[in-house]
Amino acid sequence: MLDKTSGLVIPEHVGIIMDGNGRWAKKRGLPRSIGHKFGAQNFRKVTRYISKTGVKVLTLYAFSTENWKRPMEEVSALMALFKQYLVDLLTDFRDDEIKVVIIGDKSGFDKKLRDLIEESEYVSKDRQGMLLNVAMNYGSRDEILKSVQAIARDVRDNKLDPDNISFADIESHLYTAGLPDPDLIIRTGGELRLSNFLLYQSAYSEFYSTDTLWPDFDDKAFDQAIIEYNRRNRRFGGV
Ligand code: IPE
Ligand code: IPE
Ligand code: MG
């Protein structure tokens with residue numbers, strides 16, 4: 001188990017693109033929705049483990065603004081899983097003091113899911129442990145667009161001078177306002193792309209891709225990512 005005693009630097013903020021549920025199911029001759037079910041179970045396990053390593057913020061990509069393009073039965077299965085898991089999370093993460101926040105466009109969800117999101121955020125709001133951001137109906141371009149719209153409104157209302165718009169203004173309207181940028185972004189399932197995840201925030205994130213499919217990603221696979229992260233030389237444009 002990784003922690004401060006392992007001598008490794010533990011990143012403050014980790015993002016994970018949880019990809020590969022569909023392929024995991026296909027390999028076993030099962031429907032994609034079963035892959036999502038196992039993926040959701042793994043989400044609980046991995047989150048609990050990471051919360052014990054000293055990571056302060058974990059952002060998990062669960063559903064993108066583009067994922068609505070999938071067949072209706074797959075989208076419905078995912079929405080049903082989100083509901084079930086949000087109910088479980090109300091008690092599940094209590095002992096680990098994990099605080100849950102959903103980032104993304106919540107207006108895309110039905111009332112029941114929106115209520116559950118509100119409830120899980122409320123119930124966990126005073127917890128002192130790791131912050132878990134679950135990115136659902138999240139798209140970074142959509143997030144940036146919403147920030148631009150908010151800034152334009154402030155300019156129109158004479159609250160902001162266009163010549164004084166700062167990075168802080170842009171960042172204050174992102175879902176991650178007030179949080180450190182991700183130090184490490186892990187993608188399971190082997191693809192080498194961000195798929196619209198934290199585009200602005202990942203300017204200097206270390207990217208780590210593993211062929212392991214999300215339902216198989218475990219403690220050891222996470223430790224490997226941290227070991228690799230510790231080999232990186234982060235220069236941020238300097239020397
Ligand atoms: C990731 O697994 C979960 C979601 C995008 C909701 P996928 O469903 O994308 O799995 P693959 O990439 O098709 O294997
Ligand atoms: C990215 O996976 C989104 C999530 C893991 C939630 P996708 O499977 O949607 O990404 P692409 O389509 O391969 O880029
Ligand atoms: Mg995928």
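List of remarks:
- Just so you know, the Cα atoms of segment 9-150 work out to an Rg and Dmax of 15.2, 47 Å.
- Each Cα pair under 8 Å and six or more residues apart adds its separation to the average, and for segment 100-239 the resulting relative contact order is 20 percent.
- Highest to lowest packing among 156-163, 126-133, scored as the average C-beta count within 10 Å: 126-133, 156-163
- GluC sites (Glu not before Pro) restricted to segment 1-84 and DSSP loop, no more than 14 other C-beta within 10 Å: GLU66
- log₁₀ of I(q)/I(0) at q = 0.15, 0.25, 0.26 Å⁻¹ - segment 157-239, Debye sum with one point per alpha carbon: -0.70, -1.27, -1.30
- For the chain: Kirkwood Rh in Å [reciprocal of mean 1/r, alpha carbons]: 18.8
- Between segment 1-26 and segment 32-51, the alpha-carbon center distance in angstrom: 12
- For segment 61-82 and segment 189-239, distance of Cα centres in Å: 24
- Rounded to 0.05, the FRET efficiency of the GLU191 and ASP163 pair, given R0 = 41 Å and the Cβ-Cβ distance, is 0.50.
- Across the chain, the relative contact order, built from alpha-carbon pairs under 8 Å that are at least six residues apart, equals 28 percent.
- Sequence of TRP68, TRP24 from largest to smallest accessible area, 1.4 Å probe: TRP68, TRP24
- Each of the peptides 218-228, 76-86 was scored by the mean count of other Cβ atoms within 10 Å over its residues; in descending order, highest first, they stand as 76-86, 218-228.
- Rolling a 1.4 angstrom probe over the protein heavy atoms with all chains in place gives the chain an accessible area of 52 Å² per residue.
- Across the alpha-carbon set of segment 26-71, the Rg to Rh ratio works out to 1.08, Rh being the Kirkwood radius.
- Taking 0.36 nm per residue of separation and subtracting the Cα-Cα distance, full extension of the segment from ARG48 to SER76 would add 7.4 nm.
- Cα-Cα pairs of segment 89-141 separated by more than 14 Å (percent): 51
- Local electrostatic count at ARG234 - Lys and Arg +1, Asp and Glu -1, tallied over other residues with Cβ under 15 Å: -2
- Kirkwood Rh (inverse of mean 1/r, distinct Cα pairs), segment 98-186, angstrom: 14.9
- Backbone N within segment 31-71 under 12 Å of label point (7 Å from SER6 Cα along the Cβ vector): 49-55
The values are calculated or read from the model by the stated rules, or taken from the named source; none is laboratory data. In this text, all values refer to a predicted model and were calculated from it rather than measured experimentally. Please note: Cβ atoms are built from the backbone with ideal geometry, for glycine as well, and neighbour counts cover all protein chains shown. The area values use the complete protein model at the heavy-atom level, side chains included, leaving out ligands, DNA and RNA. Shrake-Rupley method; radii C 1.70, N 1.55, O 1.52, S 1.80 Å.
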